[in-house]
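The values are calculated or read from the model by the stated rules, or taken from the named source; none is laboratory data. Remember, it's a predicted structure, so these values are computed and weren't measured experimentally. Reconstructed Cβ throughout: ideal geometry from the backbone, glycine too, with neighbour counts over all protein chains shown.
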Amino acid sequence: MHLHIRHETSYRYDHPVKYSIQSLRLTPRRDAGQRLLSWRISAPGRRVEQADAHGNVAHLMTYEEPHREVSIVVSGVVDTNAALGPLFEDEGPLAPLAYLAPTPLTRADERIRSFAAAALGSGGTLVSRLERLAGEVSTTVRYRRGVTSVNDDAATVLSNAEGVCQDQAHVFIACCRAAGVPARYVSGYFYTGDSGDIATHAWADAWLGASEGWLSIDLTHNTLAGERHCRLAVGRDYLDAAPVRGVRQGGGGERMDVAVAVATSVQQQQQ
């Protein structure tokens, strides 16, 4: 499937910003299941491309001119390959065991450990047990916007029983790590079936072993990742894989607007 993607992130500040530096993870990964046919980044200032510790394509953007607005736009076409399925080889520079240690956003309390044991501790293959855990997370943590922030950890989300895709991924990852299964966070895009604006998406990878690799699971839709998913970045949690993160000097209050559109080649021809 050819996914046509356009993603714009805009910042508006109350006062002029003297200096800003942003880390961008807005270029799809060079994973076996997807191939970039075209990709373009439009942003002010200077950019330096590098590969981060997780094998993501990252750009360091430095903007040294006074400004009250910043717009970052990426667009292009990505070829996803359904034949490869939801399995990915260990292609990153970090060993899978690096994704076993908890982070502040994926710490496990007693409730998470009990939740993980109930879903993963019974019989079946590791794949079937991970799918069962995904189903439990999807059912227990109801999808609801506006009730969490990027600072809410997995234990808080599970206790409140609602959140967005980022939160569901963190709960799943925390459960996997509590059970001794390496897991990592995935940021990217998801084709919903129409050409309307959608938010960027998040899901998770779980390690099956050297012979099988990573199993990619979409917790929000309770399904294995496939050709409708485009992978941007992976990491220990959201902070490692966020599309845009940065710091600035000055500016006061800010407003951020994000617009994402994902369409197929057929829809592009019809427009």
Quiz item: Which condition number does A32 fail, the rest of (1) aliphatic (A, V, I, L, M); (2) more than 21 Å from V244 (Cβ to Cβ); (3) assigned to a strand (DSSP E or B) being met?
Solution: (3)
Exercise. Mind listing whichever residues of segment 59-98 are in a strand (DSSP E or B), at pLDDT 90 or above and of a type in the set (A, V, I, L, M)?
Key: L60, M61, V70, I72, V73, V74, V77, V78
Quiz item: Out of (1) at pLDDT 95 or above; (2) over 18 Å from the mean Cα position of the chain (by Cα); (3) loosely packed, with under 14 Cβ neighbours inside 10 Å, the odd one out for W39 is which?
Solution: (3)
Quiz item: Mind checking whether some residue in segment 166-189 is within 28 Å of D257 (Cβ to Cβ), in a loop (DSSP other than H, G, I, E, B) and in contact with a strand residue (DSSP E or B) (Cβ under 9 Å, 6 or more places away or on another chain)?
Solution: no
Exercise. Filter segment 202-249 down to residues that are in a strand (DSSP E or B) and among the basic types (K, R) and give me whichever is farthest from the chain's Cα centre (by Cα).
Key: R248
Quiz item: Restricting attention to segment 142-151, does a residue exist that is closer than 25 Å to W214 by Cα and either without any contact (Cβ under 8 Å) to a residue 60 or more places away in the chain or in a helix (DSSP H, G or I) (or both)?
Solution: no
